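Data block below; observations after.
None of the figures in this text is laboratory data; all of them are computed from the coordinates on show. Every value quoted in this text rests on a predicted model; they were computed, and no experiment measured them. Note that each Cβ is placed from the backbone with ideal geometry, even for glycine, and that neighbours are counted across all protein chains shown.
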Amino acid sequence: MRKPELLAPAGDPEKLIMAVRYGADAVYLGGEEFGLRAAAGNFSMAEMGRGIEYAHRHGARVYVTVNIFAHNRHLPGLPAYLKEIASLGADGILVSDPGIFSIARETVPQLPVHISTQANTSNWAAVEFWAQLGAKRIVLARELSLAEIREIKDRVDIELETFVHGAMCMSYSGRCLMSSYMTGRSANLGECAQPCRWKYALVEEKRPGQYYPIEEDENGSYIFNSMDLCMIEHIPELVRAGIDSLKIEGRMKSVHYVATVVSVYRKAIDSFISSPETYRFDPEWMEEIRKVSHREYTTGFFFGRDNFRGENVETSKYRRDYDFVGIVRDYLPDKGLAVIEQRNRFSVEDLLEITGPDTPQFIQKVTRMTDGEGNPIDTAPHPQQTVIMPVDNPVKPLDMLRREKTKNNLIKIRIDPKYIFFLDNVIEGYDGLAIVSTGNPKTGEVTVYVTPDTYDDVMGILENLPWPVQIAK
């Protein structure tokens, strides 16, 4: 039984390092041109070269996205760009446009070409078409079932890759015009504004300003909103379908997301391959994967359209049950001290969970800490500041620290139900400062989820709203 590749997103150099460190066999990344994630950190050519060198040194592969749907204006600089990618030692490129494919095969014939999911490859004849043209791998459309994938594998001798985890586009394999039409930002050129995640309500033309929810829900209606894909419970089925590469979505997701999801899939794949007959899914894997920011999970189309449940019409909000607060940069074993780079505010007396690829997960109470100069501090409020603190167990560089959200991370309020929809819009306007969750839309009970460093700001917003708000003490 062939062991599938675990392929992880690398939105920037740090995420590449974390993906490789936490167990990815390969990463995919974008340069500053020709990719479909313009809002990701992406890589300069110098960064790409260093990333490829790091990955190869640790036994991992690097694939570069060149998967925009190109216009004439994009083509003049393409051959030189492809040659530079090849010279850096990339292990392949992802392409969706036939013109780019043709230029790549002519310009850098030695560079393997993978056909992106944006090409909508959904049947064995299309797979065979690309194989005959010289493609090495096909990233299959997300709309395929496992049965369809098995048939393709049986008919065509080519590598198959499929997404197994992460956000799903509500449009067919990512081909969407909503963003371009509504905002002027083309999803097919890497600039999707995700209007499918926005809330929509009904407006009657003679009553402007009066918004009527399409569903019986004061939050609005999320009629386009897809759930997140999660196949962690179905590794045996994926492997037996003959899939060569299991792909995780998320070049724009956090370091915590990349490391956690990669680590869990690594454990599950290795466990199944080592002993298929005795393999048992470990419920702790799902518990761990739920600790990252995510929408409600679904298995997508893998088990057929009759079993598909992928749209959440109630909310587009992410679930965030844990805050990622720091990353280990060094460990001083003689003193039992960890050197931490802060990523979110934490304080003395906090209970933190520490985990890493080679570090068994444990709970650490923060008993004391100092800044980088050795001055005692009670809290670490500054982004990426150096914090030194005692730990009960040895840790390693790139281990992560996170804190479970508690009741101190929420504010309970009551408002007139007709204002709930507008409250959500107000909070969203502050760029993710908090998350609004309706407890009872009929009585106006609302919970606002915050982090310790956003609590005061959110309280200030709530206290200055133009309508009455009762804040629970």
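Observations, loosely collected:
- Sorting 22, 430 from the fewest to the most surrounding beta carbons within 10 angstrom yields 430, 22.
- The stretch 132-172 and the stretch 244-258: distance between their alpha carbon centers, rounded to Å: 17 Å
- Using a Förster distance of 25 Å, the FRET efficiency for residue 284-residue 348 (Cβ separation, nearest 0.05): 0.30
- Rg/Rh, computed from the Cα trace of the stretch 407-471 with Rh as the Kirkwood radius, has the value 0.92.
- If R0 equals 56 Å, the separation of the Cβ atoms of residue 277 and residue 132 corresponds to a calculated FRET efficiency of about 0.90.
- Additional length obtainable on full extension of the chain from residue 393 to residue 465, 0.36 nm per residue less Cα span: 21.2 nm
- Residue 425 paired with residue 45, simple spin-label distance in nm, labels 7 Å along Cα-to-beta-carbon: 4.7 nm
- For residue 362, nonlocal amide neighbours, meaning residues 5 or more places apart or on other chains whose placed amide H falls under 5 Å from its own, are 354.
- Distance between modelled label sites at residue 207 and residue 87, nm, 7 Å Cα→Cβ extension: 6.5 nm
- Alpha carbon centroid spacing (whole Å) that separates the stretch 416-472 from the stretch 1-73: 38 Å
- For the residue pairs 267/335; 3/291; 15/153; 267/396, alpha carbon separations beyond 29 Å are given by 267/335; 15/153.
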